[in-house]
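Here's the structure, in structure tokens; my notes come after.
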Amino acid sequence: AEATVVLIGTLAFLEQPTMAFVRLSEAVFLESVLEVTVPVRFIFILLGPMQATMDYHEIGRSISTLMSDKDFHEAAYEANDRQDLLDAINEFLDCSIVIPPLELEGKDLLRSVAAFQKEMLRKRKLREHRKSLRRDEGKFPVKDVSGELKEEVEDDPLKRTRIPFGGLFRDIKRRYPKYLSDIRDAMDCQCLAAIIFIYFAALAPAITFGGLLGAKTDGLIGVSELIVSTSAMGVVFSLLGAQPLLVIGFTGPLLVFEESFYKFSKTQKLDYLTGRVWIGFWLLIIVIIMVAF
């Protein structure tokens, strides 16, 4: 990693702003400049008179934003003259959205511009691909990826399909190609510590809440039952849910619910375990309906 230093200041004897953008031939370490030990490759300097109509700090912030953009950063490495930098700035502005101050909440504001920004990013990828094709024309076979990029951008997992279980089928098509790699990657010895940690992270709540649950239900459901159910549920979900990294376990709110339902069953002279089974069936039906629509 290489850093960019942005220096902004004012001088009384200057009559107009003066700026310079410097790219060093090799990155160097500048002492007492950065808080971290990172070599510096780019230096931007802006000096101007004390009385000016422009905000120097906003200009420095804009340069920092430009250098944090991956595409502009690469263009700054490859630029040969001033025009190349101006073209890169124009490319950045073409894919930027300026939002004036509004009374909308953050989520509503982002939702209103998300689709527009995706389309802008898709066009940006297409322009970059066409430029690379023009550079490599005659050397490599040309392949049109506009359809692939469009399909990639339009593949929104939260978009409603308006058909029963349409979202489930889309999740299967998107996730199951990576299903084997999720399991195969965990076979690495470097994952052993994480596996042991997750094992105890799932086992400890089962033992703790199992003991409490046994006391609340007079031993009808205890540590053994909770460990077996938690392990069986985790295995089934990791195999069929295409998401083996999600940890599933018993929680405090469930303990409160089980205690309340057990007291209700005793008051109404109902069989607690039978009622618990029917609760499971109703949850299954509700989840199926939610997934379907």
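Counted residue by residue at 0.36 nm each, then reduced by the alpha carbon distance between them, the extension gain from Arg160 to Asn90 reaches 21.6 nm. Applied to the stretch 283-290, the Karplus parametrisation 6.51 cos²θ - 1.76 cosθ + 1.60 on θ = phi - 60° returns per-residue 3J(HN,Hα) values of 4, 4, 5, 5, 5, 4, 5, 5 Hz, with x for Gly and Pro. Once the chain from Leu273 to Glu15 is taken as fully extended at 0.36 nm per residue, the excess over their C-alpha distance is 84.3 nm. If you plug the beta carbon distance of Ser181 and Glu128 into 1/(1 + (r/R0)^6) with R0 = 35 Å, you get a FRET efficiency near 0.80. In the assembled protein chains, Glu74 presents an accessible area of approximately 90 Å² (probe radius 1.4 Å). Shape analysis of the stretch 1-94 places it in the oblate category; the axes a ≥ b ≥ c from the Cα gyration tensor give an a/c of at least 1.5, with a/b not above b/c. Local charge for Ser229 was computed over the other residues whose Cβ lies under 15 Å away, with Lys and Arg +1 and Asp and Glu -1, and equals -1.
Each residue, Glu31 and Ala292, gets one label point 7 Å from its Cα in the Cβ direction; the gap between the two is 7.4 nm. For the set Val22, Val5, the ranking by accessible area, highest first and with no ligand, DNA or RNA atoms included, is Val22, Val5 under a 1.4 Å probe. Counting charges near Gly249 (Lys, Arg +1; Asp, Glu -1) among other residues having Cβ under 15 Å from its Cβ returns a value of -2. Near Thr10, the amide H atoms lying under 5 Å from its own belong to Gly48; only residues 5 or more places off or on other chains count, and H is placed 1.01 Å from N.
Working note: Karplus 6.51/-1.76/1.60 with θ = phi - 60° gives the stretch 89-96 the couplings 5, 5, 4, 5, 5, 5, 9, 9 Hz, where Gly and Pro are set to x. What number comes out for the charge environment of Thr37, summing +1 per Lys or Arg and -1 per Asp or Glu over other residues with Cβ under 13 Å away? The answer is -3. Taking all protein chains together and a 1.4 Å probe, the residues Ser224, Ser64, Ser265, Ser132 rank Ser224, Ser64, Ser132, Ser265 from largest to smallest accessible area.
Residue pairs exceeding 24 angstrom between C-alpha atoms, taken from Lys70/Lys173; Lys123/Lys178; Lys118/Lys159; Lys123/Lys159: Lys70/Lys173; Lys123/Lys178. The phi torsions of the stretch 229-236, fed into the Karplus equation with coefficients 6.51, -1.76 and 1.60 and a -60° offset, translate into couplings of 5, 5, 5, 5, 5, x, 5, 5 Hz, rounded to whole numbers, with Gly and Pro shown as x.
For the stretch 199-292, the gyration tensor built on C-alpha atoms gives an oblate shape. Its axis ratio a/c (a ≥ b ≥ c) is at least 1.5, and a/b is not larger than b/c.
The values are calculated or read from the model by the stated rules, or taken from the named source; none is laboratory data. Worth saying up front: this structure is predicted, and the values here are computed from it rather than measured. Note that each Cβ is placed from the backbone with ideal geometry, even for glycine, and that neighbours are counted across all protein chains shown. Note: accessible area is taken over every heavy atom of the protein model, side chains too, but ligands, DNA and RNA are not part of it. Shrake-Rupley method; radii C 1.70, N 1.55, O 1.52, S 1.80 Å.
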